[in-house]
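> Below is a structure I'd like to ask you about.
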Amino acid sequence: MASATAPTSLSLLKITVSSSSASRSRAAVLPFSYSGLRSSSSSGLRSLAFSTADSLTIRSLSSSSSSRAKSHRGLVVSAVKKSVGDLSAADLKGKKVFVRADLNVPLDDNQNITDDTRIRAAIPTIKHLMQNGAKVILSSHLGRPKGVTLKFSLAPLVPRLSELLGIEVVKAEDCIGPEVEKAVAALPEGGVLLLENVRFYKEEEKNEPEFAKKLASIADLFVNDAFGTAHRAHASTEGVTKFLKPSVAGFLLQKELDYLVGAISSPKRPFAAIVGGSKVSSKIGVIESLLEKCDILLLGGGMIFTFYKAQGLSVGSSLVEEDKLDLATSLMAKAKEKGVSLLLPTDVVIADKFAPDANSQIVPASAIPDGWMGLDIGPDSIKTSTKPWRLPKL
Ligand SMILES: Nc1ncnc2c1ncn2[C@@H]1O[C@H](COP(=O)(O)OP(=O)(O)OP(=O)(O)O)[C@@H](O)[C@H]1O
Ligand SMILES: O=C(O)[C@H](O)COP(=O)(O)O
């Protein structure tokens, strides 16, 4: 059986804590999966492929047999958001509906859509509105343009949208202004007008009220179906809700909310979550919230290098949020305090530059050479995180 002194990659983590009953009882719910540890190999963490930020948790795992502590994370979240399905023809006929979707699809160099999943996902809401006589004003961002940029135009999406909806979707050249107003006025019941990329205006991401007001001024009510963008308070997602009533969720957003609420309010234990992305700073809220609910939190993506550095590891030229090192440390401490196993990958992909033609290799997280940058989790860690017999059922 592994002990806290096993030379796992935990030994790299310079965190010393004293035992707490909270972490012991919490850790007891994690029977899994720590098969790698239990195999008692001297490279326990390597076989686990994720390292916990808290070596104490591992000791607790292997020593405690008490049943799971009564959850202090039993926060029940209930989804009582109004959805577009609650709106009938009586509410919609002849109404101008501003629909924010996430049509941020990948395009190749010739502006061909290489994956239309997001367009297809937006269709049920749009069809519901069309079938109930609404005039649909469809808005989205595409990419992260700095000002008006042709390659980020939504124009290439029109043929596919039209095909999927069975009507000719009209495209506006802008998302606000007199031309848009004219196009809206000409829109028949059941018609769809696609506005130009809302991020062509910097006011969108700044959530400027004046801009939100202009967007809202062309519509009677708002449907947010942009699940992939729902974590951002932008003018077209959050700002317009100040001016349009009702503001309701689209079918896609509702489905995802139902799913998440179900998973989070009464999860099967042990409950694990995986969080990735490049920046810790934009994930603080979600990580803190998950620490209240999860038993295991696996981190991936670019943000892990901030955590490694916070632990004193050498991370070469990896992306690091220097001003968030303390935050990373405090999140790890918080996980410890809550008895949550915060796991970091033990192997990583590194490259000599951030470019498609870079040289790359796989190394242990503790062995990133100077001049190399870590990009993401390595194959061992991927294997671990995707093998159901290693991880608890999600
Ligand atoms: N490991 C990395 N090293 C350097 N740059 C990275 C790394 N990972 C991602 N990036 C850069 O950050 C951008 C955003 O990455 P990603 O979408 O994974 O992160 P995110 O946290 O979801 O993004 P954001 O919070 O900025 O929306 C990428 O397009 C890329 O340019
Ligand atoms: O692709 C995405 O993640 C969403 O469309 C959000 O895009 P953003 O990260 O540029 O806001």
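> Of everything in the range 130-152, what is away from ligand 2 (no atom under 16 Å from the Cβ) and under 23 Å from ILE218 (Cβ atoms)? Give them in sequence order.
Across the range 130-152, the qualifying residues are MET130, GLN131, ASN132, GLY133, ALA134, LYS135, VAL136, ILE137, VAL148.
> For the range 349-371, how many residues are more than 13 Å from ligand 1 (Cβ to nearest atom), under 16 Å from SER314 (Cβ atoms) and free of Cβ contacts under 8 Å to residues at least 60 places away in the same chain?
6
> Okay, moving on. Is it the case, given these coordinates, that LEU165 is within 16 Å of ligand 1 (Cβ to nearest atom) and under 20 Å from ASP225 (Cβ atoms)? Outline the logic, then answer.
Numbers: within 16 Å of ligand 1 (Cβ to nearest atom): no; under 20 Å from ASP225 (Cβ atoms): yes.
So LEU165 does not fit the description; no.
> Moving on to the next point. Select from the range 110-129 the residues that are more than 16 Å from ligand 2 (Cβ to nearest atom), assigned to a helix (DSSP H, G or I) and either out of contact with any helix residue (DSSP H, G or I) (no Cβ under 7 Å at 6 or more places or on another chain) or free of Cβ contacts under 8 Å to residues at least 60 places away in the same chain (or both) and list them in ascending order.
ILE123, LYS127
> Could you figure out which of (1) more than 16 Å from ALA272 (Cβ to Cβ); (2) free of Cβ contacts under 8 Å to residues at least 60 places away in the same chain isn't true of LYS336?
Evaluating LYS336 over (1) more than 16 Å from ALA272 (Cβ to Cβ); (2) free of Cβ contacts under 8 Å to residues at least 60 places away in the same chain leaves (2) as the failure.
> What strands (runs of 3 or more DSSP E) completely inside the range 170-278 contain at least 1 residues that are within 16 Å of ligand 1 (Cβ to nearest atom) and closer than 24 Å to LEU157 by Cα? Let's see the steps before the verdict.
Values: elements: 192-194, 221-224, 247-249, 272-275.
Passing ranges: none, list empty.
> Output the qualifying pairs, or none if there are none: Cβ atoms under 7 angstrom, residues six or more apart or on different chains, first residue in the range 148-163 and in the same structural domain as LEU193 (by TED's automatic domain parsing), second residue modelled with pLDDT of 95 or more and in a helix (DSSP H, G or I).
What qualifies is VAL148/PHE200; LEU157/ILE119; ARG160/ILE119; LEU161/ILE119.
> Let me ask something else. Which condition breaks for ILE362 when tested against (1) of a type in the set (A, V, I, L, M, F, W, C); (2) under 20 Å from VAL280 (Cα atoms); (3) part of a strand (DSSP E or B)?
Every listed condition holds for ILE362 apart from (2).
> Before we move on, is LYS135 out of contact with any Phe, Trp or Tyr (no Cβ under 9 Å at 6 or more places or on another chain), basic (Lys, Arg) and in contact (Cβ under 8 Å) with a residue 40 or more places away in the chain? Before the answer, list the steps.
Working: out of contact with any Phe, Trp or Tyr (no Cβ under 9 Å at 6 or more places or on another chain): yes; basic (Lys, Arg): yes; in contact (Cβ under 8 Å) with a residue 40 or more places away in the chain: yes.
Judged against the criteria, LYS135 is a match.
> Among residues belonging to the range 215-231 that are surrounded by 19 or more Cβ atoms within 10 Å (Cβ to Cβ) and away from ligand 2 (no atom under 16 Å from the Cβ), point out the one that is nearest to the chain's Cα centre (by Cα).
Once the filter is applied, the top-ranked residue is VAL223.
> A further question on this structure: Only residues that are surrounded by 19 or more Cβ atoms within 10 Å (Cβ to Cβ) and over 25 Å from the mean Cα position of the chain (by Cα): list them for the range 367-384, please.
ILE368, TRP372 - these are the residues of the range 367-384 that are surrounded by 19 or more Cβ atoms within 10 Å (Cβ to Cβ) and over 25 Å from the mean Cα position of the chain (by Cα).
> Taking into account only those residues within the range 286-305 that are in a helix (DSSP H, G or I) and away from ligand 2 (no atom under 16 Å from the Cβ), which is surrounded by the most Cβ atoms within 10 Å (Cβ to Cβ)? Quick ask: steps written out before the conclusion?
Narrowing the range 286-305 to residues in a helix (DSSP H, G or I): 286-291, 304-305.
Filter once more, keeping what is away from ligand 2 (no atom under 16 Å from the Cβ): 287-291, 304-305.
On the way: ILE287: 21, GLU288: 12, SER289: 14, LEU290: 22, LEU291: 19, ILE304: 26, PHE305: 28.
Filtering first and then ranking leaves PHE305.
> Out of all the residues in the range 299-310, is one or more away from ligand 1 (no atom under 14 Å from the Cβ) and at pLDDT 95 or above?
Within the range 299-310, one or more residues are away from ligand 1 (no atom under 14 Å from the Cβ) and at pLDDT 95 or above.
Each row is one residue, and each column tells you yes or no for (1) surrounded by fewer than 19 Cβ atoms within 10 Å (Cβ to Cβ); (2) not in a loop (DSSP other than H, G, I, E, B).
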{"residue": "ILE284", "(1), (2)": "yes, yes"}
{"residue": "LEU319", "(1), (2)": "yes, no"}
{"residue": "LYS324", "(1), (2)": "no, yes"}
{"residue": "LEU331", "(1), (2)": "no, yes"}
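> Let me ask something else. Which pairs have Cβ atoms under 8 Å, sit 6 or more apart or on different chains, and link a residue in the range 297-316 that is farther than 12 Å from LEU342 by Cα to one that is of a type in the set (Lys, Arg)?
If the second residue must be of a type in the set (Lys, Arg), the pairs left are GLY302/LYS279; MET303/LYS279; MET303/LYS283; THR306/LYS324; GLN311/LYS14; GLY312/LYS14; VAL315/LYS309.
> From the list GLU210, GLU204, which one is in contact (Cβ under 8 Å) with a residue 60 or more places away in the chain and either farther than 23 Å from VAL84 by Cα or not assigned by TED's automatic domain parsing to the domain that holds VAL97 (or both)? Working first, answer last.
Details: GLU210 fails: in contact (Cβ under 8 Å) with a residue 60 or more places away in the chain.
One residue alone meets the criteria, GLU204.
The values are calculated or read from the model by the stated rules, or taken from the named source; none is laboratory data. Just so you know, these numbers come straight off a predicted model, no measurement behind them. Don't worry about glycine lacking a Cβ; one is built from the backbone with ideal geometry, like all the others, and counts go over all protein chains shown.
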